[in-house]
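Below is one structure, written out as structure tokens, with a few remarks after it.
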Amino acid sequence: MDTLINLAHGFGTVFQPLNLLFLFVGLVLGLLVAVLPGLTLVMGVVLALPFTYGMGVIPAVILLTAMYVSGTYGGAFTSILFRIPGEPIDVPLLWDGYPMARAGEPALALGWTLFAALAGGLVAAIAMVFLSGPVAVIALSLSTPEYFAVILLGLSSVVALGGSSLPKALISLALGLLFSSVGTDPTYGELRFDFGIPMLSDGIEYLLVMVGAYGLGEVLTRMEQRSKSVSVSSVGDIRTKLPSLSALMDVKSSLFRGSFVGFLVGVIPGAGATIASFVSYGLESQYGKRRRQLGTGIPEGIVAPQSAATASVGGAMVPLLTMGIPGSGATAIIMAAFMLQGVQPGPHVFFKSGDIVYAVFASVFVGVIGMCLIGYFAIKLLVRVLAFPEAITSAFVVMFCFMGAMASRSTVGDLWVIVSFGILGYLFERFRFPIAPMVLGAILGPLAETSFMTTMISFSNDWTVFFTRPVSGAIMALVVLALIYPTISDWMARRRQARRVQRT
């Protein structure tokens with residue numbers, strides 16, 4: 001009962017005019033940051049931090065939290081409409097969102113995203129309020145072996161991303177991991193695969209791989225196919241198209257899995273929304289009711305990653321507020337805002353500054369709802385973009401891709417890198433190699449390497465630690481199951497088919 005009373009006071013604090021204004025500004029800024037490729041969510045929160053110096057602690061944290069919440073949703077627009085993921089967390093979303101949009105249902109695809117973000121965010125917010133204490137104790141026991149196991153579980157989704165050819169998917173994944181290893185070794189400081197080219201010594205940003213292969217690659221592919229713009233009549237009703245109640249009931253399992261995985265992965269410090277999105281899509285591809293249709297434009301492929309991404313916000317707030325450990329890059333900046341105001345997140349903050357904690361809890365609830373209200377009315381305008389002539393659309397796509405390349409490190413060399421990956425993405429499409437595993441490897445490769453090397457250093461090169469520790473061992477078992485399950489499932493399906501043939 002005390003929790004509900006404190007939460008009610010938190011809502012009262014958020015709805016004060018000044019705090020509500022800052023929340024609205026944060027939501028809009030978060031959406032804009034997520035839409036622009038290259039200006040990542042964490043970078044946007046970092047840029048906003050200096051503006052909080054003159055604020056009080058509550059409006060400052062509300063502003064940054066609102067940016068964090070809406071940033072997990074804003075990239076859905078460019079991912080679904082243009083096949084340009086604004087953030088790494090939006091990559092799994094476009095695998096089914098973009099095909100649904102190209103099939104003439106962009107408003108419905110964005111409607112599914114809206115619903116998934118709302119449901120996942122609210123479920124995680126409720127869990128954040130009532131499970132902060134118990135979950136924080138569990139998270140405190142996790143270390144680098146568990147982080148590596150979770151990342152490996154995300155990489156195991158390559159089984160689902162390969163389509164009809166697992167060997168091609170593995171080749172694509174290997175290339176992505178290879179690209180992620182270019183540059184300076186983060187552990188020993190040695191140069192790798194730079195071939196004496198100065199710009200490669202800093203490595204290849206996953207952003208360049210992601211935006212180049214998907215954005216420029218799609219432009220080149222559509223130029224070759226001479227694709228025409230989608231007429232407004234083929235797009236369908238321009239109004240926001242929310243799914244029906246019966247359709248919502250069909251995806252309730254995907255929504256539950258996505259929200260649960262997102263919150264749980266968010267609680268693990270350092271994991272974040274990207275891993276949550278990939279892991280959720282991977283689990284959907286293994287255990288979903290329509291797993292064989294993923295990638296063709298089905299709602300489950302949209303609901304699973306989006307609900308997980310938004311749910312990870314509530315999860316990441318748990319270790320931040322209860323232990324003073326940031327659960328993601330964005331929460332690290334929010335922690336900095338706390339400390340700049342003289343507040344140290346951790347167990348004592350609940351007793352010394354409980355009003356601040358519950359104001360943050362309330363801002364997540366209000367932020368999720370406000371984000372979806374803004375998105376609901378924005379869909380109508382954004383869907384009309386599909387009616388633009390193909391040449392204009394492609395020109396804007398290329399412009400955004402180059403803006404993303406320059407926003408990353410502001411070097412002309414990155415423009416050549418992004419063009420190279422655009423050509424590679426085009427070749428992948430031409431020869432039917434899946435792009436998704438390559439992007440997956442480029443994003444998760446550095447995280448996997450850092451976690452693995454830290455584990456080896458900490459545990460005297462004992463690789464069995466991944467299997468002997470209870471939590472990491474359980475996750476590794478899931479990885480093995482995820483890799484062999486499709487083979488076993490296909491074998492059992494063939495046996496059932498053979499028996500039916502014999503009976504007839």
Which listed residue is touching a residue at least 24 places away in the same chain (Cβ under 8 Å), in a helix (DSSP H, G or I) and aliphatic (A, V, I, L, M), from Met403, Met456: Met403
Identify all residues within region 185-216 that are touching a Leu at 6+ places or on another chain (Cβ under 9 Å), surrounded by fewer than 22 Cβ atoms within 10 Å (Cβ to Cβ) and part of a helix (DSSP H, G or I); write none if there are none. Leu200
Considering region 459-484 alone, what residues qualify as being among the aromatic types (Phe, Trp, Tyr), assigned to a loop (DSSP other than H, G, I, E, B) and in contact (Cβ under 8 Å) with a residue 60 or more places away in the chain? Phe459
Tell me, please, whether a residue that is modelled with pLDDT of 75 or more, of a type outside the set (S, T, N, Q), surrounded by 23 or more Cβ atoms within 10 Å (Cβ to Cβ) and part of a helix (DSSP H, G or I) can be found in region 340-347. no
Consider only pairs whose beta carbons are under 7 Å apart and that are at least six residues apart or on different chains; among these, list those whose first residue lies in region 106-130 and is over 12 Å from Gly258 (Cβ atoms) and whose second residue is charged (D, E, K, R) and crowded, with 24+ Cβ neighbours inside 10 Å. none
Being buried (at least 24 other Cβ atoms within 10 Å of the Cβ) and within 18 Å of Val303 (Cβ to Cβ) is the requirement here; does Phe77 meet it? yes
Considering residues that are polar (S, T, N, Q) and surrounded by fewer than 22 Cβ atoms within 10 Å (Cβ to Cβ), the number found within region 256-290 is 1
Note down all Cβ pairs under 6 Å where the first residue falls in region 53-66 and is at pLDDT 90 or above and outside any helix (DSSP H, G or I), the second is surrounded by fewer than 22 Cβ atoms within 10 Å (Cβ to Cβ) and not aliphatic (A, V, I, L, M), and they're at least six residues apart or on different chains. none
Criterion first (under 15 Å from the mean Cα position of the chain (by Cα) and at pLDDT below 85) does Ala271 satisfy it? yes
State all residues of region 408-450 that are assigned to a helix (DSSP H, G or I), polar (S, T, N, Q) and modelled with pLDDT under 90; if no residue qualifies, say none. Ser408, Thr450
What about Phe428, is it touching a Lys or Arg at 6+ places or on another chain (Cβ under 7 Å) and crowded, with 20+ Cβ neighbours inside 10 Å? no
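The values are calculated or read from the model by the stated rules, or taken from the named source; none is laboratory data. Being a predicted model, the structure only gives us computed values, none of them experimental. Note that we place each Cβ from the backbone using ideal geometry, even for glycine, and neighbour counts take in every protein chain shown.
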